[in-house]
Each structure stands twice: as C-alpha cells, then as structure tokens.
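Before any comments, here is the structure.
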Amino acid sequence: MSLWRSRRTGYYLTLVAVTTVVSTLVYNYGMATLENDPQPLYRSLEIVSQTYTTTGYGEDAGWSTPHMNLLMIVLQLTGIGLILTGVDVFAVPWLRNTLATTAPTVAPDVEDHVVICEYTPRGEAFIEELESRGQAYVVVEGDEEAATELHEADYRVVHGDPESTDVLENAGIERARAVVADATDDVNASIVLSAREANPAIRIVTLVEDQRLAEYHDIAGADEVLSPRQLLGESLSHRVPTAVTTAVDDGIEIGDDLELVELSIAEGSDLCGRTVDEIQPRERFGVDGIGAWIDGVFESPIPPDREFDTGMRLLVAGEPERIDTMRAEAMSTVHSFSARHVLIAGYGEAGAAASDALADAHTRVTVLDSDDRDDVDIVGDARDPDAIREAGVEDVSAVIVTLDDDTTAVFATLVVRELNPSVDIIVRANDADNVQKLYRAGADYVQSLATVSGRMLASTVFDDEEVLAVDREIDVVKLPAGRLAGRTVVDADVRSRTGCTVLAAVRDGETISEFDPASFVFEDDDDVVLAGTDESVQSFEARFLA
C-alpha cells in the first residue's frame, strides 16, 4: 500500500489538524484574557505554526503571565511530539523501503541456464545438483517475500509470475537450455504453454503430483513429465517383505557380472555380532563393502571395528553368485510371510501407488486417510492413537506413512512406534532436512521425495548423466570421467576426496567392472559408474566435472 494511502498516515494528518485548531483557539483566548492583547485567529495560527516548526515567535515573544508561559511550553512540547511522530510515520518507512533488499525482476547476464518455476524443497535438491556441476540456473518465484529471501540467500532468482511470458523472457528463457515447472499441476500446465510461446525450441520438464493429469502436460507441450510421488510410493512398497523374503532388496545391475545390493543382517545369522575385520568381505566372499546404514546415516567406508548389528543394512558390490553366498551368511532362515498385512497412512499419489504394488504381491492392505474416498478403509487422523488402533496397527507387520506434511508424519511415526514397538515403519519425507528427524522418531526406513525428485530432474535435464537408482537412499549414477581422464582411481584418490566408490568404467559401450584401480587409466570418452550419497556424488561433480 502507498505511504500516502496508509491508515497510519491518515491518523497522523488528522492528529496534526485537530492539535493545530485546538492550540490556535487556546492561544487566541490566552492572549485576549491573560495578556490583555486580543488578536485575530490567523495571527494566533501563525504563532502556533511558528512554535510547531521551531522557527520563532516574532512580535509576541516575551509573555507577562505565568499561565501564558506555561501554555507556550505545552505548545513547544506538542510541536516536538508531532515532529517525532512525523518522522516515524514518513521518514522511517521511506528509509526502510529505500534500503530494503528486493529481488530482481530480470536476469540479463545469464545463458545456457535452467529456468526453475517455482522454488520448492524438490527443486532445492535439483539446485544443489546444478551448483555442484557449476551449471547456471534462475528461479522464477511469484511470491515477493519468498523471492526476496532467496535473493538474500544468494540464489539467482527473478520475482514475477512464472505463468507470464514476459517474466519468463526476463528470466532469459531465449538463452536457457531447459525449463523445469515445479508448481501445482494446473499451474505447471500454464507454465508450459507460456514457456513454449516464449521459446518454441526450449526443453520443458514438468513434475506432476497426480499421475492422471500427466497427459495434459503432454498436450500443453511438455517434453518430459515426471511423477516422483508414484515412483516413491512403489519404492516404499518394495521395502515391505511379501510372499517370501530373503532380507535382501533387489539389486541394481551395473553390468553382466556386477551387481549392487543392500543386505540386511538378520538376528542369529553368521554375520551378526561380528566386525568387518573378522568377516573380511573381499577375502571371504569376493565382494566389496561399499558402506552401511547405521542409525539412518550412511557410512562409507565401514569402520573396520564396526560390529554388524541386527537390522543393519550393508551396501555391497560384486558378482551375483558371490553376493548370494554372502546373503546366505547374512540370514538365519528364509522367512515366510504369506499372510502379510500392511497399514498405509495417507492415500495420496504415493500411498495409492504403494497400495497397488502391494496388492499385486498378494499382500493385505488397510488404508487410513483423513478423507472419506474410494479404497480408504479407515477415515481418521494418522496422529490419533484411536484411529491407528482401529486400523489394526497392533496386528500389522509394516506401516507405510505417506503424508503431505513432515511434522504430521513425525508425530504419526511416534504414535505407531508406541503402539507397536516391533512393526516396520517405512516413511516418505517431503523435505530431505527431515529425514534424520523421522529416523529419531522411530522409522526403520525413510526416503525423501525431494531427493528422488532432484535425481529424476538431473537425469532428465543432463544428457550426460544417467541415474541408475533413482528411488534408493544411495545414488548410483553414470557420469563422464571428466578430469579423471588420464588418471587412475588411486591417483585421483576418488574415495577419500569425494566419498564416492567407483564401481565400473564404461568404454565404447562396454561396462568394465573388473579393473585394477591402481593401474587402469581412464580415457577422455569414458564414463564412470559411481555409488555414493547425494553429497558425495555432488562432490565428485564439483571436483571432476564442474
């Protein structure tokens, strides 16, 4: 609102007018009765004005009665009060507006960048990927306050409506390499239309929350439509053992003779209670121990004196037959779960995808949601112990929590863990910053929607990057060798400098998994297959690709 149209300004001007009129009448009366010097009102108004503005008193200066002198003191103090109030009403807001940081509305000095509309936790993971590669970007943010905060945090941002062609042009869409639409589903379709009008040749990638609306993004002109919620829901369902489980997740096939697998240590197995030094995975099984999840945190390499506890998940790489041998040692028996019962709390896109995947595996599913809709068995709040009990939490083998708010998910996890201490709790986190909080609340497995979205976007936007495991806690990516060319893994000290493990090299389309890290020299056109956390892969990109 304009300063001159604000309510405070109106109140101040009214105060000045009323005070001036009253002071003029009182002064005029005082001169006539106390000083015996009657004068016209305009002369009294002049004296009051001189008093308020501290310019002097002219011919009237020097009053003979104490009452008149007291009146003049009051007028002088009133004038000072009005001046100070005027400073607060006019000067302070003007200075604040003048000196305040405002987000720019144009990005003239950027090219070959990615335009991101708008800023979300999902986009934050993608921005981290862009920054690690030294790739330029511009965030188009419609909310002025949010845009200002991003600008103050050193993000490259343009304030404006991302559905506006003019705003997209201000963000340099003519010079950009891609546009990512990351708002609501309907707004994303509008962004696609505007972006296609501003630059018909631009590559456009959208994220969709409701998979049923993906076709309309295609119709609008999107090149790629990604549905991370559906993928994540299916991924969470895979964490629930179904008909027959071997306490090992499906592996990621790197080449014909190399696989990356997560192994869970079962109670009573030959590996439980022993350290890495005692087991010696490479010498005994011929597999490489990449790392392990300990209290929800991935450690790589595994400390030699770390004891393998029940439920600890190891990440190992090797030939499938050798991994099978270690798998047998990690298990006590093969458990039959022919009558598994799973509770799903939250029936959005991810919850529905998890339910469908579990139904295909002949698993009994109970759905709890706050909205009464088709396929919802119990209507209630996931934070309400009574609703959780009604859903049968004491009898289920696993609970999948897919709620839109992480704070609600944390509380629901606490409630479930209290009601059933032995149940497996599998949770979707919307923001990667809340993953550890959910583990502390009692979750057994947490996957971040923001992380999955960032990986999908990176794999889609960058032609030279292939994410082999989008829906895992660990990144498995294929990247150009970059500045690793002409060097060996040992010379470059990749693992200690970045935290990544080099699994294989890809040369002329052939995956080479058996190579000596001390003598195999990478060439310029080689690709490298890496395993590591988001941070370690970004560290590799920063050191060898940016």
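Quick look at the values:
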quantity	calculated
Residue-wise HN-Hα coupling along the range 417-427, computed from phi with Karplus coefficients 6.51, -1.76, 1.60 (Hz; x: Gly, Pro)	5, 5, 7, 9, x, 9, 6, 7, 10, 10, 10
Stretch gain in nm, segment E152-V92, where the contour uses 0.36 nm per residue and the Cα spacing is subtracted	19.4 nm
Nonlocal amide H pairs with I204, under 5 Å, H built at 1.01 Å	V179, D223, E224
Nearest-0.05 FRET efficiency for D186 and T85, computed from C-beta distance (R0 51 Å)	0.60
Accessible area (Å², per residue) of the chain, counting only protein heavy atoms and a probe of 1.4 Å	47
Computed E for A359/D524 - FRET, C-beta separation, R0 45 angstrom, nearest 0.05	0.35
Surrounding net charge for E278, when Lys and Arg each add one and Asp and Glu each subtract one, Cβ distance under 15 Å	-3
Matching label, Rg and Dmax of the Cα atoms in Å computed from the structure shown, candidates (i) 23.5, 72; (ii) 34.2, 117; (iii) 41.2, 140	(ii)
For A504, residues with placed amide H under 5 Å, excluding near neighbours	V529
Label zone at H341, where the point sits 7 Å out along the Cα-to-Cβ direction: the range 349-372 residues whose backbone N lies under 13 Å	364-367
FRET efficiency for D493 and D210, using Cβ-Cβ distance with R0 set to 51 Å, rounded to 0.05	0.65
14 Å beta-carbon shell around R487, net charge (K/R +1, D/E -1)	-2
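The values are calculated or read from the model by the stated rules, or taken from the named source; none is laboratory data. As the structure is a prediction and not an experimental result, all values here were calculated from the model. As a convention, Cβ positions derive from the backbone with ideal geometry for all residues, glycine included, and neighbour counts pool all protein chains shown. The area values use the complete protein model at the heavy-atom level, side chains included, leaving out ligands, DNA and RNA. Shrake-Rupley method; radii C 1.70, N 1.55, O 1.52, S 1.80 Å.
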